[in-house]
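Following: one structure in structure tokens, then a few remarks.
The values are calculated or read from the model by the stated rules, or taken from the named source; none is laboratory data. These figures come from a predicted structure and were not determined experimentally. All Cβ positions, glycine included, derive from the backbone under ideal geometry; neighbour counts span all protein chains shown. Just the protein is used for accessible areas: all its heavy atoms, side chains included, with ligands, DNA and RNA removed. Shrake-Rupley method; radii C 1.70, N 1.55, O 1.52, S 1.80 Å.
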Amino acid sequence: MGLSTVLKNYVNGQWQESSTTEFLEVINPATVEVLGKVPLSSASDVNQAVEAAQQAFTTWRRVPAGDRIQYLFRLKTLLEENLDDLATTITMECGKTLAESKGEMRRAIENVEVACGIPMLMQGYNSEDIARGIDEFMIRQPLGVVGIICPFNFPGMIPFWFIPYAIACGNTCIIKPSEKVPLTLQKIMHLIEQTGLPAGVLNLVNGAKDVVDTMLEHPVIRAISFVGSTPVAKYVYSRAAATGKRAQCQGGAKNPVIVLPDADIATTTRIMADSAFGCAGQRCLAASVAITVGEAKKTFTEAIADVAQTRKVGYGLEAGVQMGPVITAESQSRIEALIQKGVEEGAKPLVDGRTPKISNYENGYFVRPTILQNVDPLGEIAKTEIFGPVLSLIHLETIEDAIALINQGQYGNMACLFTSSGAAARKFRYEAEAGNIGINIGVAAPMAFFPFSGWKDSFFGDLHGQGQHAVEFFTQTKVVVERWHDWTRQF
Ligand code: NAD
């Protein structure tokens, strides 16, 4: 596949052109080079994919789980063999550094590995003799056709929070990548094709809102897995509920990190810089507010300002680059406007990354690391998801005040604490209202065998992506009560 081509959909085991006449350019955010054109597929493209998935389900659900996972073993090998190429594609369309893209693909592969355990993970349970001569058992069955909708910031990893579990559990799928970064999934789909996965089990439909809306309204689709911003997550969750679908919708975030005076400041600073500025802050688990307590104010502020100033920003494919661009020119303007808003609210731009000059990439969508000091804890900037390389600093006198501030927040994706006190760590773990907690960890991203556990406005639903939650989400329980009376004998 050449990168400058018009992308195709993959439906019923065939690569096919969308019926749409609307296309978007896929742009490398560092070089501003056009990488390809993505179709904004129509309702009829989605309907065709659902029909193929519905047809495939009748046979796929009968394939034993032990046979279904053989395709995942093959996929794991293909992903390993093509990791460098996939990582390069992620960097080209999404902007993160090559090391970050490789790390992303490792996380994708972990999910494939975990889903290879489905024959055990989807087992039910049973009770013999719940009444005399009567047995009862619970079995897990696949749902049918499920829909997966992805955001722009992890084009390689996020599809894998869902695909391996959904298909290994016996479902068939329609997946839509973000229209901003559709190339990585296109390449992954070519690898999936090489595994010999039967036609119709996994279908790729490129596009934007129309594809999502058609999926939400389609009566055959039984479940929706969504990852993206909070307003769209809320919308998808409410439409899915209205049309009787099961839904798991992961939304936005504003992740706070408390730094206590007893933290190891050098280590904390290194980890915090990676968390706030890694992937140019476009991570749903990026640290965005650092709350310093007591003496940590002075030591941490000086150290983080130094690291932010010296971070090497550029094209992620070049050696030594530590941070790439943000995704679009609109994102760049939005982030710069939010920095200005923070300044107007009284914050001091300790390090100001607006309108940077990145040599050789003057047209790229860059914002350098930015640190806002003395951010008003009750102001807009302390609450709004910036989704860029901007760290806000707030100072409070006690851990109790810091936890109270965190718990007032709208979001609950991640909260972290840096300390050398076990008692403080336990208090924080116990009281902080977030679904992913880090103790001396900057990006508390759960491994594939744990659920990705956002709370509050960071998640709408009950069962999260990854691990056992994914198995429960992609199966429905059936309880069977059985009596096999032996008429020749008395019990
Ligand atoms: P987005 O909400 O703009 O888009 C996500 C998906 O929804 C895309 O596929 C897009 O085509 C579709 N979409 C966009 N607008 C829509 C609409 N009005 N109706 C129907 N569908 C629509 O999100 P994004 O900008 O691609 O991703 C960044 C956001 O995702 C951030 O808020 C980030 O925090 C969040 N995110 C959350 C997690 C998590 O696990 N909680 C992980 C990654 C990203």
- Sequence neighbours fewer than 8 away in the same chain don't count; with that in mind, list the lysines whose C-alpha is under 19 Å from LYS348. LYS297, LYS298, LYS383
- Item | Extension gain from GLU345 to THR5, taking 0.36 nm per residue of separation minus the Cα-Cα distance | 117.8 nm
- Query: Along the Cα-to-C-beta direction of SER19, a point sits 7 Å from the Cα; which residues of the range 31-62 have their amide N less than 18 Å from that point?
  - Reply: 39-55
- Message: As an exercise, use a Förster radius of 45 Å and the Cβ-Cβ distance of SER359 and SER229 to find the FRET efficiency, rounded to the nearest 0.05.
- Response: 0.85
- Cross-link partners of LYS254 among aspartates and glutamates (Cα-Cα below 13 Å; sequence separation of 8 or more within a chain): GLU380, GLU385, GLU433, ASP457
- Segment ASN47-ALA423, length gained on full extension (0.36 nm per residue, minus Cα span): 129.8 nm
- Item | Percent of beta bridges antiparallel (DSSP, the range 255-439, rounded to nearest 5) | 10
- Task: Nearest 5 is fine: what % of DSSP beta bridges in the chain come out antiparallel, could you say?
- Result: 40
- Note on the structure: Ordering PHE23, PHE154 by the accessible surface of their heavy atoms, 1.4 Å probe, largest first, yields PHE23, PHE154
- LYS383 and ASP67 label points (each 7 Å along its Cα→Cβ direction) are spaced in nm at 5.6
- Task: Quick one: angle between helix 65-81 and the longest Cα principal axis of the chain, in degrees between 0 and 90, rounded to 10, please.
- Result: 30
- Task: Pop the C-beta distance of THR267 and GLN194 into the FRET formula with R0 = 30 Å and round what comes out to the nearest 0.05.
- Result: 0.10
- Query: To the nearest 10 square angstrom, what accessible area does LYS102 show with a 1.4 Å probe?
  - Reply: 70
- With DNA, RNA and ligands ignored, accessible area of ASP376 (1.4 Å probe; Å², nearest 10): 70
- For the chain, what is the accessible area per residue in Å² when the probe is 1.4 Å? 41
- Query: What's the extension gain from GLU433 to GLN410 if we count 0.36 nm per residue and subtract their Cα-Cα distance?
  - Reply: 7.3 nm
- Once the Cα atoms of the chain are picked out, what are the Rg and Dmax in Å? 24.0, 89
- Note on the structure: For MET120, placing the label point 7 angstrom along Cα-to-beta-carbon and taking the range 461-476, residues whose amide nitrogen sits under 16 Å are 467-469, 471
- Query: Ranked from the most accessible area to the least, with a 1.4 Å probe and all protein chains present, what is the order of SER42, SER101?
  - Reply: SER42, SER101
- Arranged from highest to lowest average of other beta-carbon atoms within 10 Å per residue, in what order do the peptides 138-148, 424-434, 119-129 appear? 138-148, 424-434, 119-129
- Task: Quick one: P(r) of the range 111-266 from all Cα-Cα pairs, 5 Å bins, percents rounded to integers, in order of increasing distance.
- Result: 2, 8, 15, 17, 16, 12, 9, 7, 5, 5, 3, 1, 0, 0
- Task: Name the lysines eligible as straight-distance cross-link partners of LYS312: C-alpha to C-alpha under 21 Å, and not fewer than 8 places from it in the same chain.
- Result: LYS96, LYS102, LYS357
